[in-house]
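K.L.:
Mind having a look at this structure? Questions to follow.
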Amino acid sequence: AKGSHGPCSTGKFSNGKQNRQTEFSARRQKIAQQRKSLPIASVEKRLIEEVQKNDILIIVGETGSGKTTQIPQFLFGAGFCRDGKVIGITQPRRVAAITVAKRVAEECGVELGQKVGYSVRFDDTTSSSTRIKYMTDGLLLREALLDPYLSKYSVIIVDEAHERTVHTDILLALLKNVQSARSRSVADDQGINFGKKNVNVGMSLEKEYGGQSSSFLKKDNHDKYAPLKLIIMSASLDARTFSEYFGSAKSVHIQGRQFPVDIFYTLHPEEDYLDASLITIFQIHSKEGPGDILVFLTGQEEIESVEKLINDRLTQFPEGSQKLQVVPIFAALPSEQQLRVFAPAPSGFRKVILATNIAETSVTIPGVKYVIDPGFVKARSYDPGKDMESLIIVPTSKSQALQRSGRAGREGPGKCFRLYPESEFEKLEDSTKPEIKRCNLSNVILQLKALGVDDILGFDFIEKPSRTAIIKSLEQLFSLGALTDDCQLSDPVGHQMARLPLDPVYSKALILASQYNCLEEMLITVAMLSVESIFYAPREKQVEARTAIKCFSSPEGDHITLINVYRASNDFLEKRSIEMGKAKFEKAFRKWCKDNFISSRSLRHARDIHRQIRVHAEQMGLNLASCGDDMLQYRRCLAASFFLNAAVKQPEGTYRALASGLVVQIHPSSVLFRQKPECIIFNELVQTNSKYVRNVSRIDYLWLTELAPQYYAVKN
Ligand code: ADP
Ligand code: MG
């Protein structure tokens, strides 16, 4: 349709502006039509009535029925934002929060950040006029630190509750309290009741943060205590758990539309599911009718490598004979690129969407007719006995497999290719274990402590984590200096740590670096470690990639290597940005990254994170010093920060992690893979067929007892 609006085709009196206007109103019309045809559109009135009748409502509806995009708009229309109140919608995934907010802004015909906005960690587009606010569940938890009554919200929707992320679970408990506190406070004015103790959280925060927190305790402002409506939304059919948790709350089901999907299995297990995916993509493309393909992969690295394999293969075909358009979607994709997956492919082209499990239920991409499901997902796994958290690639659950195949049948009959034998399907778990049962809890406990929850073991979790896991995490926080002997947040370290939007070990590293005069370096480190992988080594170019990395690599390890990359990118940016225009500059930056086998997406993301945590550090009054080239100081700070992840070499060349006793190996991607120093610290444990540690640096064993005596003097 775009082409037909060229200046010549619409008559001699038209101009560019008019054309854009026609195009614009055509698009608005199309959107209005799409909205009307969603299954949820026919139940708007009933839904609003239910929300008005019930303070807590559970809404279960098939994926793609319009829950996330439409319900907030219905509520807005029904007056839930009167008096400047806000409707908050939480998502477990940042990409969902961002893309949905952009879509809803467009549906409402407003600019993002006005009536509709989103706020995720390191990226906030909301303003004082925002009334429909999409955000991550973790972000709302942080808001509760500063505004314990969440007073600006009239409705909070916890979306994708079936995902049962640890943040969602904690949020549900928190909201339960906030809701009862707000309805109580209409009658009498008390603090929020967490289990046993009444704590005036706001008061202590006000003291802590120099009065930044809300003034919710002022009695004259009763408006803030207006009752809070809670909506829990979920794609799966298990409303019972939520309903029971909220005292037999009402639940409603929204009928979706689902066409039949044919399921195909492989005859034998596939050795390499990336290869198998690639082959299946081209098979579908050559044998099947029109329709887009959605492939589920486990992460950015896999997606980028398949993306490259497809594009390489396309260049081998005669020009134009293979009309495939590849679009990736994953969490760290720059937000301006995320919307590309929703745009239809150019006419005659088939779109191949390479997605993480974000496309399972969080976002619905139109046009998909074929799904390729290798059957894996990257998940957190935690062994409380060994106190080791790792990211591992595990088989999906049955319910995930069903959700994935369902994506092929939204607009018509579809096909799903599971890249494993049918017998394997039967062996899958029915559903995924809630994350709270398989993650380290120190982050959550730190936040709960900051919210004034004293009795963590007695806390009203929707599902209790194991006692061992709680105790291990308390111990960890204690050894990081965040908790006092009687399990209170320590002053100032514990409070500072709770304030930083980072993993507790990283927060502690920044605080320590401020004392070691190497905060600039540690900010870079933490930012670079917060993205999936800076280096990018395509399978067929491993050798070239290794050579390229050499010019950044430090014999001391990966941390300094990452700093070298960051500093080199600074140099590049400083030199080029002055003389080039933006577009040209972008291109040069991408080329520079490509030549150096660096993922430009990851680096950009890391630079973004760096900018933001630096602001936090500044606001907290940390000492923004650089150690320049005195890397000894920096490495000592690494040892002092990450002593919980120290390991020593064993005679056969493997390493023994000192805290857990686990036997691990240095990951081949590390610059220390061959050197194998005597003693190391690491930041990540990955488990494939054996246990690998990534992001490794050389330290001196003696530093451990010197710098972390509270831990090592006792232990060893
Ligand atoms: P649910 O939350 O019930 O799974 P959603 O509200 O997310 O459903 O999606 C409703 C519809 O909106 C779907 O058809 C989906 O394709 C469409 N949609 C959502 N986001 C976008 C977007 N950014 N661009 C185009 N269409 C979108
Ligand atoms: Mg949704």
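K.L.:
For region 319-362, list residues with backbone N below 13 Å from a point placed 7 Å from the Cα of residue 30 toward its Cβ?
P.N.:
342-347
K.L.:
Below 21 Å, Cα to Cα, which lysines can residue 676 reach? Residues fewer than 8 away in the same chain don't count.
P.N.:
The reachable lysines, counting only those whose Cα sits under 21 Å from residue 676, are 550, 649, 691.
K.L.:
Of the peptides 581-594, 694-707, how do they stack up when ordered by the mean number of other Cβ atoms within 10 Å, highest first? Intermediate values should be presented prior to the final figure.
P.N.:
Details: 581-594: 13.3, 694-707: 19.9.
Result, highest mean first: 694-707, 581-594.
K.L.:
Here's a follow-up. Can you put 253, 667, 268 in order of Cβ neighbours within 10 angstrom, beginning with the fewest? Display every interim value, and only then the final one.
P.N.:
Numbers: 253 13, 667 20, 268 8.
So the ranking, lowest neighbour count to highest, is 268, 253, 667.
K.L.:
If you place +1 on the Cβ of every Lys and Arg, -1 on the Cβ of every Asp and Glu, and leave all else neutral, what size is the dipole of the chain about its Cα centre, to the nearest 20 Debye?
P.N.:
Working: 94 positive and 83 negative charges, 437 e Å.
For this selection, approximately 2100 debye.
K.L.:
Just to check, using Stokes-Einstein with a Kirkwood Rh over alpha carbon pairs, what's the diffusion coefficient of region 48-165 at 4 °C and 1.567 mPa s in µm²/s?
P.N.:
On the way: Rh = 14.3 Å.
Rounded to a whole number, D works out at 91 µm²/s.
K.L.:
So, in nm, how far is label residue 250 from label residue 37 when the simple model puts each one 7 Å beyond its Cα toward the Cβ?
P.N.:
So the two model labels end up 3.2 nm from each other.
K.L.:
With all distinct Cα pairs included, what does the Kirkwood hydrodynamic radius of region 269-316 come out to in Å, to one decimal, could you say? Walk me through the numbers on the way to the answer.
P.N.:
Working: mean 1/r = 0.0865 Å⁻¹.
One decimal place: 11.6 Å for the Kirkwood radius.
K.L.:
Taking a cut-off of 12 Å between Cα atoms, list the aspartates and glutamates near residue 250, but don't count ones fewer than 8 places away on the same chain.
P.N.:
Candidates past the 8-residue exclusion: 50, 55.
K.L.:
Rounded to the nearest 0.05, what FRET efficiency do residue 307 and residue 615 have when you use their Cβ-Cβ distance and R0 = 41 Å?
P.N.:
On the way: r = 33 Å, r/R0 = 0.80.
The calculated FRET efficiency here is 0.80.
K.L.:
On a straight-distance basis, which aspartates and glutamates could pair with residue 30 in a cross-link, Cα separation under 13 angstrom, same-chain partners fewer than 8 positions away excluded?
P.N.:
Once the sequence-local aspartates and glutamates are set aside, what remains near residue 30 is 106, 107.
K.L.:
Next up: Could you work out the relative contact order of the chain? I mean the mean sequence separation of Cα pairs under 8 Å and 6+ apart, divided by the number of residues, in percent. Walk me through the intermediate numbers first.
P.N.:
Numbers: 1225 pairs, mean separation 78.3, N = 716.
Answer for the chain is 11 percent.
K.L.:
For region 375-501, what are Rg and Dmax over the alpha carbons, in angstrom?
P.N.:
Expressed in Å, the Cα Rg and Dmax of region 375-501 come to 19.6, 62.
K.L.:
So, in Å, what gap is there between the alpha-carbon centers of region 650-716 and region 346-398?
P.N.:
So the two Cα centres are separated by 30 Å.
K.L.:
Using only alpha carbon positions, build the gyration tensor of region 454-568, then give the equivalent ellipsoid semi-axes as the square roots of 5 times its eigenvalues, largest first, whole angstrom.
P.N.:
36, 19, 10
K.L.:
Can you give the FRET efficiency to the nearest 0.05 for residue 547 and residue 243, using r as the Cβ-Cβ distance and R₀ = 60 Å? Can you show the working numbers first?
P.N.:
Working: r = 59 Å, r/R0 = 0.98.
Efficiency computed from Cβ-Cβ geometry: 0.55.
K.L.:
Something else: Report the normalised scattering of the chain as log10 I(q)/I(0) at q = 0.05, 0.11 Å⁻¹, calculated by the Debye formula with identical scatterers on the alpha carbons.
P.N.:
Debye intensities relative to I(0), on a log10 scale: -0.26, -1.35.
K.L.:
Let me ask something additional. For region 476-515, count the residues as N, evaluate 2.2 N^0.38 Å, and divide the Cα radius of gyration by that value, please. Intermediate values should be presented prior to the final figure.
P.N.:
Values: Rg = 9.2 Å, N = 40, 2.2 N^0.38 = 8.9 Å.
Normalised Cα radius of gyration, region 476-515: 1.03.
K.L.:
If you filter region 257-323 for trypsin sites (Lys or Arg not before Pro), then keep DSSP loop positions with at most 15 other Cβ within 10 Å, what is left?
P.N.:
Numbers: sites: 257, 287, 308, 313, 323; in loops: 257, 323.
Here the trypsin sites (Lys or Arg not before Pro) that fit, given the DSSP loop and packing criteria, are 257, 323.
K.L.:
Please grab the % of Cα pairs in region 601-644 that end up more than 12 Å from each other. Intermediate values should be presented prior to the final figure.
P.N.:
Details: 677 of 946 pairs.
Beyond 12 Å sits 72 percent of the P(r) for region 601-644.
K.L.:
Additional query: Just report the Cα centroid separation between region 226-281 and region 28-98, whole Å.
P.N.:
Using only Cα atoms to place each centre, the spacing works out to 19 Å.
K.L.:
As a test, work out the antiparallel percent of DSSP beta bridges whose residues both lie in the chain, rounded to the nearest 5.
P.N.:
If we restrict to bridges inside the chain, about 35 percent are antiparallel.
K.L.:
Which order do 139, 451 fall in if you start with the one that has the fewest other Cβ atoms within 10 Å? All intermediate terms of the calculation are to be shown ahead of the outcome.
P.N.:
On the way: 139 25, 451 21.
Listed from fewest to most nearby Cβ atoms, that is 451, 139.
K.L.:
Students often get this wrong, so check it: of 287/587; 67/115; 433/508; 308/378; 102/437; 386/433, which have C-alpha atoms separated by over 25 Å? Spell out each step's value before the answer.
P.N.:
Details: 287/587 36 Å; 67/115 19 Å; 433/508 30 Å; 308/378 21 Å; 102/437 33 Å; 386/433 19 Å.
Too far apart for the 25 Å limit: 287/587; 433/508; 102/437.
K.L.:
Averaged over all directions, how much area does the convex hull of the C-alpha atoms of region 488-551 cover when projected, in nm²? If you can, show how the numbers build up before the last one.
P.N.:
Numbers: hull surface 23.7 nm².
Approximately 5.9 nm², given one-decimal rounding.
K.L.:
Which FRET efficiency value, to the nearest 0.05, is calculated for residue 339 and residue 674 with the Förster distance at 51 angstrom and r the Cβ-Cβ distance? Mind showing how you got there, number by number?
P.N.:
Values: r = 43 Å, r/R0 = 0.84.
Efficiency for this residue pair is about 0.75.
K.L.:
Rounded to two decimals, what is Rg over Rh for region 558-638 when you use alpha-carbon atoms and the Kirkwood radius?
P.N.:
We get a ratio of 1.02 for region 558-638.
K.L.:
In nm², what is the average projected area of the convex hull enclosing the Cα atoms of region 229-374? Mind dumping the intermediate values first?
P.N.:
Working: hull surface 48.6 nm².
Computing the convex hull of the Cα atoms and averaging its projections yields 12.2 nm².
K.L.:
Give me the base-10 log of I(q)/I(0) for region 99-170 at each q in 0.19, 0.27, 0.28 Å⁻¹, Debye formula, one uniform scatterer per Cα, rounded to two decimals.
P.N.:
Each listed q corresponds, in turn, to -0.82, -1.34, -1.37.
K.L.:
I need to check one value: relative contact order of region 589-694, counting alpha carbon pairs closer than 8 Å and at least 6 residues apart, in percent. Mind dumping the intermediate values first?
P.N.:
Numbers: 101 pairs, mean separation 18.1, N = 106.
Answer for region 589-694 is 17 percent.
K.L.:
Another question, then. Counting only the backbone N, which residues of region 365-379 are under 14 Å from the spot 7 Å out from the Cα of residue 411 toward its beta-carbon?
P.N.:
Residues 365-371 fall inside that zone.
K.L.:
Counting other Cβ atoms within 10 Å of each Cβ, which GluC sites (Glu not before Pro) in region 257-317 have at most 11 and sit in a DSSP loop?
P.N.:
Values: sites: 270, 271, 288, 301, 302, 304, 307; in loops: 270, 271, 288.
Answer in residue order: 271.
K.L.:
Cut-off is 10 Å between beta-carbons; in what order do 601, 27 appear when sorted fewest neighbours first? Don't skip to the answer; put the middle values down first.
P.N.:
Details: 601 21, 27 12.
Listed from fewest to most nearby Cβ atoms, that is 27, 601.
K.L.:
Something else now. Using all Cα-Cα distances in region 238-322, what percent lands in each 5 angstrom bin from 0 up to the longest?
P.N.:
3, 9, 15, 16, 12, 11, 9, 9, 7, 5, 2, 1, 0
K.L.:
On to the next question. Along the Cα→Cβ direction, 7 angstrom out, place labels at residue 466 and residue 258. What is the inter-label distance in nm?
P.N.:
3.4
K.L.:
Hey, if you drop one equal point scatterer on each alpha-carbon of region 367-423 and run the Debye formula without solvent, what base-10 log of I(q)/I(0) do you get at q = 0.24 Å⁻¹?
P.N.:
-0.92
K.L.:
Sticking with this structure for a sec: May I ask which residue of 632, 606, 617 lies farthest towards the positive end of the charge dipole of region 593-651, with charges of +1 (Lys, Arg) and -1 (Asp, Glu) on Cβ and the Cα centre as origin?
P.N.:
Going by the charge dipole, the pick is 606.
K.L.:
Something else: Suppose only helical runs count, i.e. DSSP H with n ≥ 4. What mean residue ellipticity at 222 nm does that imply for the chain under -39500 (n - 2.57) per run, divided by all residues and rounded to the nearest 500 deg cm²/dmol?
P.N.:
Working: 26 runs with 301 residues, N = 716.
Helices in the chain give a 222 nm mean residue ellipticity of -13000 deg cm²/dmol.
K.L.:
For region 414-483, build the convex hull from the C-alpha positions and give me its volume per residue in Å³. Kindly include the intermediate steps, with their values, before the conclusion.
P.N.:
On the way: hull volume 11.3 nm³, N = 70.
It comes to 162 Å³ per residue, whole-number rounded.
K.L.:
With Rg and the Kirkwood Rh both taken from Cα atoms, where does Rg over Rh land for region 575-716?
P.N.:
Numbers: Rg = 19.0 Å, Rh = 17.9 Å.
My calculation puts Rg/Rh at 1.06.
Every number in this text was worked out from the coordinates using simple rules, so none of it is lab data. Note that this is a predicted model, so its numbers are computed, not measured. Please note: Cβ atoms are built from the backbone with ideal geometry, for glycine as well, and neighbour counts cover all protein chains shown.
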